[in-house]
Amino acid sequence: MVAWGSANGGMGRADPAARHSCRRAASFQTTSRPGGFHRASRECADLPPLLPLAGPSDYASMPGECPFCSPEPGRVLRSSEHALALRDGFPLSEGHTLVVPLRHAGSLFDLSDEERADVWALVAEMRAGLAAELEPDGFTIGVNDGEAAGQTVDHAHVHVIPRWRGDVQDPTGGIRNVIPGRARYWEK
């Protein structure tokens, strides 16, 4: 497994000598939690230069324009034998991460047991790293399996989304809110 972060093993924290100017304040104007994405009181959490990836060097397992088969190198955070983790291109919150299998498959259920287990192991690892780095109040971890479920990229992936109190008005029901009016089953 390749470390996410600097050579000293930091979880996304740049070594002071390698730190670059922070782009968060300018690039994220949306306030998804109190204080917005960027916390001026904390050291910049932008990622330092990447270390070499483990596993296959060619992620393009399917011809075409799949963004997960050929991810931009700067988005890749970690890799394992059968999966990689990358920052979401359209993050819902600071740290929003995707874990994708290296082999192109439309559904997690099209993967072998070994591949699927490796994806979930990397999900757990990324969650632990994000919890230590960002100290969120919770996580939404989810899969959109199929177009009817909202999947927009036909390459299986798991969202790891750090959450903070106050990032939505009422989080009660969590994932059940994907179908409006059905989440609050206890009130019916």
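All of the numbers you see were taken from the coordinates with simple rules; none came from a lab. Note that the structure is predicted; figures quoted are calculated from it, not measured. All Cβ positions, even for glycine, are placed from backbone atoms using ideal geometry, and neighbour counts span all protein chains on display.
Per-structure values
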read-out: Cα gyration tensor, the range 106-149 - rounded (a/c under 1.5), prolate or oblate; value: oblate
read-out: Taking Ile179, Ile161 and counting other C-beta atoms within 10 Å, the order from fewest to most; value: Ile179, Ile161
read-out: Ranked packing of 122-128, 82-88, most packed first, by mean Cβ within 10 Å; value: 82-88, 122-128
read-out: Inverse of mean 1/r across different Cα pairs in the range 55-167, Kirkwood, Å; value: 14.3
read-out: Relative exposure of Glu81, Glu115, Glu147, Glu94, judged by other C-beta atoms within 10 Å (fewest first); value: Glu147, Glu81, Glu115, Glu94
